[in-house]
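What follows is a short report on a single structure.
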Amino acid sequence: MSPLAVYAAHDALSRGRRYPEPPPAYRSEYQRDRDRIVHSTAFRRLVYKTQVFVNHEGDLYRTRLTHSLEVAQIARTIAGALELNEVLSEAICLAHDLGHTPFGHAGQDALNECMMDFGGFEHNLQSLRVVDELEEHYAEFNGLNLSFECREGILKHCSYNNALQLGELGERFVNRQQPGLEAQLANFADEIAYNNHDVDDGIRAGLITVEQLLEVPLFLEYHREVASAHPGLAGRRLVFEILRRMINRLVSDLIVSSATRLRESGVVSIAEVRAQPKPLVGFSDATRDLNHELKTFLREHVYKHFKVRRMTAKARRVVSALFDAFFNDPNLMPDEHKQTAARLEVTLGAMGRARAVADYIAGMTDRYAILEHRRLFDPSERT
Ligand code: MG
């Protein structure tokens, strides 16, 4: 591993854990964070959660788990090149989607609508809730007791009102400050991963074609390069040769542009990084525009495709029906969740009951949600 820059997250300067623990003997603090994330229940569930395509529709599409792994390895390359903390950036990326509901964004939107009168539902905040509260692994605390820097990275967005309730972790949203650089780069690694793998999955699903993609300047540029280096190359190999070049371009540009910004800013500590008015990690203007055009194409041709919309419409109905049924009668939930709902209702009223229902639903995998829906609404299904 490369040496750490002065503005990287250093173990010794960590703002620590909510419940102090002795330092690990053979690992760094951030390795311990990463290992706890990998051992968590929520992490294992990512394998059965949808990224864009429902995973029972085909075994070859990305799931939240394979997406998270792609994000983490992209982040490690960027972190290493910028002399930032690779392990911390990996930990943040592996945890970044732990709070996602079943059925991708459709599930999250549906749950947010159901929770409108009860504080709403944000998947970033839910990822934090998973690692701070919901995981039940340790004798002495709820959650995984991760380091401040890792929790800071997991909380990518947060509304002003929610930030006010998060104490020291919410301060940066109130004061408009930045997270550490490992958190900043994790956002870009996420975006680079999904923009490119959604092209691959979109082609595989038959929603888009290589010919259509030629209207995307970034794709066109590397299509030309691959066609001249390997005339006649077609199919899967052609697509992958283009995508690997696109990923390489975005990652390289991010490294070079961020290194320049870091140098020009003159920051010499993570505290100075946090105090900056803007993030220091970012693309050059030209590459940002190319990336934006790719995103726009995906939105129009993949995410809004009628086949994806049918799937998301179904998902919304399943999530809303589950929420209504459990909220109106918490006794329909398994004992553990029924008891949590009763406990939270004592202190928080209907808001507490709703939160317990949302936690139960958000924790479901796609196939478990479909099964629960059948058990509740299909009289011929066993309960
Ligand atoms: Mg993601």
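A few remarks follow.
- Flag if Arg36 is more than 16 Å from the ligand (Cβ to nearest atom) and either part of a helix (DSSP H, G or I) or at pLDDT 95 or above (or both): yes
- Residue in region 128-138 that is within 16 Å of the ligand (Cβ to nearest atom) and surrounded by fewer than 18 Cβ atoms within 10 Å (Cβ to Cβ) present: no
- The numbered conditions (1) surrounded by 23 or more Cβ atoms within 10 Å (Cβ to Cβ); (2) polar (S, T, N, Q); (3) within 18 Å of the chain's Cα centre (by Cα) are all true for Asn85 except (3).
- Residue that is free of Cβ contacts under 8 Å to residues at least 12 places away in the same chain and assigned by TED's automatic domain parsing to the domain that holds His197, where the choices are Arg274, Arg299: Arg299
- Any chance Arg224 is without any contact (Cβ under 8 Å) to a residue 40 or more places away in the chain, within 30 Å of Ser147 (Cα to Cα) and among the charged types (D, E, K, R): no
- Answer residue from region 63-118, given it is closer than 23 Å to Gly202 by Cα and among the small types (Gly, Ala, Ser) and is nearest to the ligand (Cβ to nearest atom) among those: Ser68
- Lone qualifier among Val47, Val87, Val130 - being part of a helix (DSSP H, G or I), in contact with a strand residue (DSSP E or B) (Cβ under 6 Å, 6 or more places away or on another chain) and touching a residue at least 12 places away in the same chain (Cβ under 8 Å): Val47
- Qualifying helices (runs of 4 or more DSSP H) (wholly inside region 165-226; at least 3 residues being under 22 Å from the mean Cα position of the chain (by Cα)): 171-174, 181-204
The values are calculated or read from the model by the stated rules, or taken from the named source; none is laboratory data. These numbers were taken from a predicted model, which means no experiment stands behind them. Positions of Cβ are generated from backbone atoms using ideal geometry, with glycine treated the same way; all protein chains shown enter the neighbour counts.
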